[in-house]
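*Asks:* I am attaching a structure below and will ask some questions about it afterwards.
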Amino acid sequence: MWKKVVIGAVVVAAVVFGVWRFTQMKTRQLSPEETVTFYMDAPSGPQVEITYCRPSKRGREIFGGLVPYGKVWRTGANEATTFTVNEDITFGGTPVKAGTYTLWTLPGPDTWVVYLNSKAYPWGVDIDGNAQRDPAFDAAAISVPVQRMNTFLEQFRISVEVESDPVTLTLAWDSTMVAVPIRY
């Protein structure tokens, strides 16, 4: 009797693990992971590393549609986007201590709020797709204007302009772009 129970439990665990791995691999194909690493003043300034997943437009309306206005977005796909810095910086004018943060946004048609949150959220959304960000852990909340681009980006992109003063963190997708100044 116990032997059948153990074998049954092992089979169920193997099936659940297989489905989980298949789903994980499939979502990674649709929204691949990327890491952006840069030095604010190479080679000696603070190092910043951003890890996120890049969803694609695939014919969908993005901002105001797939990503609703006025609702916190985990800023990417699959998992919460992480922002790690090895020295203290200012993020949009707000002092931020060295450490790892999650990056969140509150998109609007003309203005976005970009958050750095000190709590780790493995997935970033609950079962209903709502952002798990806890505002009590916000280390920075920066309001930035929306910029319209002349070209369309099929995949969401986070990039950094290190040659500008200040360094600029850019979030862009579809025809929308926002930029956050970073200093040290």
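*Asks:* Give the angle, between 0 and 90 degrees and rounded to the nearest 10, that separates the Cα long axis of helix 2-30 from the longest principal axis of the Cα atoms of the chain.
*Replies:* Rounded to the nearest ten degrees, it is 30.
*Asks:* Here's another thing I want to ask about it. Of (1) 2.10; (2) 1.19; (3) 1.64, which one was derived for Cα Rg over 2.2 N^0.38 Å from the structure shown?
*Replies:* Checking each listed value against the structure points to (2).
*Asks:* A follow-up question, please. Taking neighbour counts of Cβ atoms within 10 Å as a proxy for exposure, in what order, fewest first, do Trp123, Trp2 appear?
*Replies:* Final ranking by Cβ density, sparse to dense: Trp2, Trp123.
*Asks:* Test of understanding: in a Gaussian network model of the chain with alpha carbons linked when under 10 Å, which of Arg148, Arg74, Arg54 would top the mean-square fluctuation ranking?
*Replies:* Highest fluctuation of the listed residues: Arg148.
*Asks:* Continuing with this model, one more query. Which residue fluctuates the most in the chain, going by a Gaussian network model with Cα springs under 10 Å, if the choices are Ser159, Ser118, Ser44?
*Replies:* Ser44
*Asks:* For the chain, set up a Gaussian network in which alpha carbons nearer than 10 Å are linked by springs, and say which option among Thr100, Thr82, Thr90 fluctuates the most.
*Replies:* Ranking Thr100, Thr82, Thr90 by mean-square fluctuation puts Thr90 first.
*Asks:* With charges only on Cβ, +1 for K and R and -1 for D and E, what is the dipole size of region 32-183 about its Cα centre, in debye, rounded to 20?
*Replies:* The dipole of region 32-183 has a size of about 360 debye.
*Asks:* For the chain, the longest stretch holding no GluC sites (Glu not before Pro) located in a DSSP loop with at most 11 other Cβ atoms within 10 Å is which?
*Replies:* Longest run free of exposed loop sites: 62-162.
Bear in mind these aren't lab numbers, they're just calculated from the coordinates by the rules spelled out. Quick caveat: nothing in here was measured; it's all calculated off a predicted structure. Glycine also receives a Cβ, built like all others from the backbone with ideal geometry; neighbour counts cover every protein chain displayed.
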